[in-house]
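Q: I have a structure I would like to understand better, so I am pasting it below and will then ask my questions one at a time.
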Amino acid sequence: MNQKLEQLIAQSRRIVFFGGAGVSTESGIPDFRSVDGLYHQQYAYPPETILSHSFFVRKPEEFYRFYREKLLVEGAQPNPAHRRLARLEAEGKLTAVITQNIDGLHQAAGSKKVLELHGSTLRNYCTACGKFYPAGAIAGSKGVPRCSCGGVIKPDVVLYEEGLDSDTLDAAVKALGAADLLIVGGTSLAVYPAAGLLQYYGGRELVVINKTATPADSRATLVIHAPIGETLDDGQG
């Protein structure tokens with residue numbers, strides 16, 4: 001446990017957490033850009049191509065083969081980072097989790113105010129009639145999943161070439177503007193427009209927890225190059 005980090009948390013009242021794939025790797029969910037992440041594995045198409053809107057429209061069978069194999073991770077459970085953030089919210093210290101992840105693990109850990117910039121694999125909708133389908137409807141299907149109306153079911157995730165939800169962005173900007181401590185964790189800050197949200201942070205203290213260097217390190221109060229679950233673990237589970 002990092003004493004400087006715990007001191008900053010103790011003296012703060014409006015903490016916002018901004019996280020990425022590294023938050024969930026300790027739960028067994030692969031990230032995209034680490035040495036062992038999806039970008040370093042071999043497929044017929046690069047992951048960023050498969051996870052694009054145009055590819056989803058052109059080759060939905062290949063999209064869903066990749067999606068089921070790599071993005072639907074069965075049995076993943078929240079790790080100490082997710083659980084610590086949920087406790088900080090319950091204590092009234094953390095006002096929002098802004099996440100680039102699509103796995104729903106923050107909510108599974110008990111967090112209530114979670115702003116999902118890139119959507120969630122737990123929600124799926126028919127592209128024709130809008131009917132809702134849970135994650136199990138995708139995992140248990142074969143080929144291209146279809147609605148009872150015949151329309152193609154699409155995960156409620158933001159694919160490449162698609163814009164972020166404006167309400168989610170507005171809520172994130174508002175939370176960042178009111179925060180007195182921003183903790184950035186498990187993200188390389190390489191994905192825009194999500195990473196650009198940091199410019200709206202109005203507080204003084206910035207903590208960056210990531211295994212590798214990020215563009216925000218130079219202006220951070222505290223930089224910790226270590227796994228985030230290990231760093232945030234306060235021994236309470």
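The values are calculated or read from the model by the stated rules, or taken from the named source; none is laboratory data. All of these numbers come straight from a predicted model, not from anything done at the bench. Quick reminder, even Gly has a Cβ in these numbers, built from the backbone with ideal geometry, and neighbours come from all protein chains shown. In case anyone asks, the SASA skips ligands and DNA or RNA and just uses the protein heavy atoms, side chains included. Shrake-Rupley method; radii C 1.70, N 1.55, O 1.52, S 1.80 Å.
Q: What whole-number value in Å² describes the accessible area per residue of the chain for a 1.4 Å probe?
A: On the way: 11110 Å² over 237 residues.
That works out to 47 Å² per residue.
Q: Only Cα pairs under 8 Å and at least 6 apart count here; give the relative contact order of the chain as a rounded whole percent. Mind dumping the intermediate values first?
A: Working: 431 pairs, mean separation 59.0, N = 237.
Answer for the chain is 25 percent.
Q: Using the Karplus equation 6.51 cos²θ - 1.76 cosθ + 1.60 (θ = phi - 60°), what ³J(HN,Hα) coupling, rounded to whole Hz, does each residue of the stretch 66-80 give in order, writing x for Gly and Pro?
A: Per-residue couplings from phi come out as 5, 4, 5, 6, 10, 10, 9, 9, 6, x, 5, 10, x, 9, x Hz.
Q: In the chain, what percentage of the DSSP-assigned beta bridges are antiparallel, given to the nearest 5?
A: Here the antiparallel bridges make up roughly 30 percent for the chain.
Q: Here is the link list: Lys70/Lys154; Lys112/Lys174; Lys154/Lys174. Which ones come out longer than 23 Å on Cα distance? List each step's numbers first, then the result.
A: On the way: Lys70/Lys154 16 Å; Lys112/Lys174 17 Å; Lys154/Lys174 29 Å.
Pairs exceeding the cut-off: Lys154/Lys174.
Q: Semi-axes of the equivalent ellipsoid of the stretch 87-237: what are they in whole Å, largest first, if each equals the square root of 5 times a C-alpha gyration tensor eigenvalue?
A: Numbers: eigenvalues 208, 59, 45 Å².
For the stretch 87-237, the semi-axes come out at 32, 17, 15 Å.
Q: At 1.4 Å probe size, with the rest of the protein present, what percent of the exposed accessible area of the chain is carbon and sulfur atoms?
A: Working: 5610 of 11110 Å².
Here carbon and sulfur together make up 51 percent of the probe-accessible area.
Q: Note down the magnitude of the dipole of the stretch 122-162 about its Cα centre, charges +1 on Lys and Arg C-beta and -1 on Asp and Glu C-beta and zero elsewhere, to the nearest 20 debye.
A: Numbers: 5 positive and 3 negative charges, 48 e Å.
With only Lys, Arg, Asp and Glu charged at Cβ, the dipole is about 240 debye.
Q: Counting alpha carbon pairs within less than 8 Å and at least 6 residues apart, what relative contact order, in whole percent, applies to the stretch 100-237?
A: For the stretch 100-237, the relative contact order is 17 percent.
Q: When the helices in the chain are scored as -39500 (n - 2.57) per DSSP H run of 4 or longer and the sum is shared across all residues, what 222 nm value do you end up with, to the nearest 500 deg cm²/dmol? The partial results should precede the final answer.
A: Details: 10 runs with 68 residues, N = 237.
Per the formula, -7000 deg cm²/dmol.
Q: I would also like to ask the following. Would you list which aspartates and glutamates come within 14 Å of Lys142, measuring only between C-alpha atoms, while excluding same-chain residues fewer than 8 positions from it?
A: Glu61, Glu62, Glu69
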